Amino acid sequence: MAFRLGVSKDKIEGKDALPAGIYDLKLASFKPKFSKPNPQNPGAPLSLNLNAMMVVVNNPQYDGSNGERASAVFEGLNQNAGWIMLDFCHAFGLPLETDGNEYWLPGSWDSDASFDPNNAETYKYVGPLLGRTCRVEVGIETYNGKDTNKVRRYLCAIDDCATKFPEIKHREDLLKKSS
């Protein structure tokens, strides 16, 4: 017997963007993927986008406690944008790990039988950020005629950060375009 499998219009269009404001978000996952090749520099190595997915918590209107799917905010976290990784990590109350020359997110990327160093989708994060909550200011950008949420700034959760890390200045507006 033949049948059709359908989805509602809401599922196709996705949820509306959250109103701009401050939200508590829980890190649900990373979905790593290599960047696309740069046509101006085809021989350059590809960078890695971690593609963090964070869901709203502690807000009955958007956290899924009303029976709907929790609203999500996504962050690319490209390895070439270390300043965003630093702010991201500090918002979860953890410093980046370092050997003095390089910095990385706390935890590691696990490899199993399916691990392929050339396929970032086989990378699996194992570390203390998963399931942890941060506080962010969310803004709205329009992309292809649709409003989408972007993190305007991460609110640092490290006690006395300025004293512990005097060289660090957290960004106040990640959406501000450089001129």
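The values are calculated or read from the model by the stated rules, or taken from the named source; none is laboratory data. Fair warning: this is a prediction, and the values are worked out from it, not measured in the lab. Cβ placement follows ideal geometry from the backbone for every residue including glycine, while neighbour counts extend to all protein chains displayed.
A few points about this structure:
- Unique match (being hydroxyl-bearing (Ser, Thr, Tyr), closer than 23 Å to Lys26 by Cα and in contact with a Leu (Cβ under 6 Å, 6 or more places away or on another chain)) among Tyr123, Tyr103: Tyr103
- For segment 60-73, residues that are within 12 Å of the chain's Cα centre (by Cα) and without any contact (Cβ under 8 Å) to a residue 60 or more places away in the chain total 1.
- When each of Glu137, Glu141 is tested for being assigned to a strand (DSSP E or B), of a type in the set (Asp, Glu) and either in contact with a Gly (Cβ under 8 Å, 6 or more places away or on another chain) or modelled with pLDDT of 95 or more (or both), the lone residue that passes is Glu137.
- Meets criteria (among the hydroxyl-bearing types (Ser, Thr, Tyr) and within 15 Å of the chain's Cα centre (by Cα)) for Thr133: yes
- Here Val55 meets each of (1) at pLDDT below 95; (2) within 12 Å of the chain's Cα centre (by Cα); (3) of a type outside the set (Ser, Thr, Tyr) with one exception, condition (1).
- Exclusive hit being surrounded by fewer than 15 Cβ atoms within 10 Å (Cβ to Cβ) and either at negative phi or touching a helix residue (DSSP H, G or I) at 6+ places or on another chain (Cβ under 6 Å) (or both), set Phe30, Phe74: Phe74
- Where a residue in segment 160-179 is at positive phi and its partner, wherever it lies, is aliphatic (A, V, I, L, M) and modelled with pLDDT under 90, with Cβ under 9 Å and at least six apart: none
- Residues satisfying the stated conditions in segment 89-122, i.e. in contact (Cβ under 8 Å) with a residue 40 or more places away in the chain, surrounded by 14 or more Cβ atoms within 10 Å (Cβ to Cβ) and more than 28 Å from Tyr23 (Cα to Cα): Ala120
- Inter-residue pairs, beta-carbon under 9 Å, first under 25 Å from Ser111 (Cβ atoms) and in segment 32-46, second among the basic types (Lys, Arg) and surrounded by 10 or more Cβ atoms within 10 Å (Cβ to Cβ), 6+ apart: Pro32/Lys124
- Residue within segment 91-98 that is over 26 Å from Lys36 (Cα atoms) and under 14 Å from the mean Cα position of the chain (by Cα) present: yes
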